[in-house]
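Here's the structure we're looking at; comments come further down.
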Amino acid sequence: MRAVMVGCGAMSNGWLKAIRETPALNERVDMVGFVDLDETAAKRQASEYGYTSAVTGSDLEAVIAEAKPDAVFDLVIPGARRKVAAQALNAGCHVLSEKPMANTLPEAKELLQIAQDAGKMHVIIQNRRHLPGIRRLKDVIESGAIGELTALHADFYIGAHFGGFREEMDHVLLLDMAIHTFDAARFLMPSEPVGVYCQETNPEGSWYKHGAAANALFDNADGSVFTYRGSWVAEGANTSWESSWRAIGTKGTALWDGSTDGLSANVTTSATDFMPAVEPVALPDPKTLPAEAHAGVILDFVEAVETGRTALTANTDNIKSLAMVFAAIDSAETGARVKLDI
């Protein structure tokens with residue numbers, strides 16, 4: 001795959017290291033171009049990672065014309081995503097974008113149509129789906145070991161001092177971070193969310209301008225629920241970046257702390273006792289994935305392009321996770337339950 005990267009800031013290092021350090025990617029991805037508004041950043045990344053013959057510049061259209069890539073890796077800020085992704089798709093390139101898929105839901109719907117009209121894949125980085133821990137939890141849920149899933153709960157508490165643009169954003173937790181947890185929830189649940197109540201706060205002592213904490217209750221089409229409690233100003237007892245999870249079924253409960261090994265599950269052994277005894281569920285072994293996290297999404301994208309299959313985080317799926325974000329924001333602003341617009 002011949003690829004052009006657009007957006008050569010700090011985040012690009014994670015992508016380029018994943019390609020360099022993952023044999024299945026290093027053998028199959030050739031970075032033939034780098035684009036950034038600051039052309040020196042594009043030149044720096046090409047040199048730093050050994051792509052000395054790559055085309056560099058500040059104009060994506062010109063670099064695509066010269067480098068003739070199969071795909072564009074889109075790492076630009078959300079406000080520029082619609083323009084960059086559309087330009088790449090219309091130029092005949094498949095696109096792998098950072099999250100969020102778009103800056104607004106209408107823009108995401110436009111990109112869906114543009115990709116369909118172009119006959120090209122548009123895939124979104126949702127790296128939590130490519131972690132061994134979440135795959136184990138998904139296996140437990142889908143095996144029926146804890147019965148039919150009735151509720152899924154996620155806690156995300158990180159005291160994160162980023163500095164920079166995040167501290168000036170509106171709805172910072174929901175807009176910049178919650179989509180990771182929302183998308184992970186959709187990956188785990190057998191039913192899609194249809195509505196949400198959400199409360200958003202900016203707690204005393206917050207170093208963010210707006211919306212550093214949120215609580216959301218999603219109701220799903222099958223009658224189950226998903227709840228999210230999150231904060232970026234909760235210091236002293238951080239969860240993992242992958243959140244802490246509780247999956248409740250009709251027979252028992254599974255707990256996952258976000259790590260590879262931090263999974264447990266118990267089911268009841270009696271239906272008549274006031275507090276029934278429980279016994280542990282035999283857990284599946286951690287899966288060995290061909291690549292994890294960012295590398296896993298990039299590899300899935302490459303293989304999807306090669307084979308023509310649908311990527312795990314294709315735009316047609318990811319827009320549903322994005323709809324959760326914007327519905328939660330609408331609910332927080334109005335104080336009312338909001339139906340998902342998708």
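The values are calculated or read from the model by the stated rules, or taken from the named source; none is laboratory data. Computed from a predicted structure; not experimentally measured. Cβ sites come from the backbone with ideal geometry, for glycine too, and all protein chains shown count toward neighbours.
Just a few scattered comments:
- Test result for Gly164, in contact (Cβ under 8 Å) with a residue 12 or more places away in the chain and assigned by TED's automatic domain parsing to the domain that holds Ala212: no
- The set of residues in the stretch 313-325 that are farther than 11 Å from Pro100 by Cα and part of a helix (DSSP H, G or I) comprises Thr316, Asp317, Lys320, Met324.
- Residues within the stretch 6-44 that are acidic (Asp, Glu), part of a loop (DSSP other than H, G, I, E, B) and closer than 21 Å to Ile64 by Cα, tallied: 2
- Taken as a whole, the structure places Gly133 among residues that are more than 23 Å from Pro69 (Cβ to Cβ) and either touching a strand residue (DSSP E or B) at 6+ places or on another chain (Cβ under 7 Å) or at pLDDT below 95 (or both).
- Number of residues in the stretch 31-85 that are buried (at least 16 other Cβ atoms within 10 Å of the Cβ) and over 24 Å from the mean Cα position of the chain (by Cα) equals 19.
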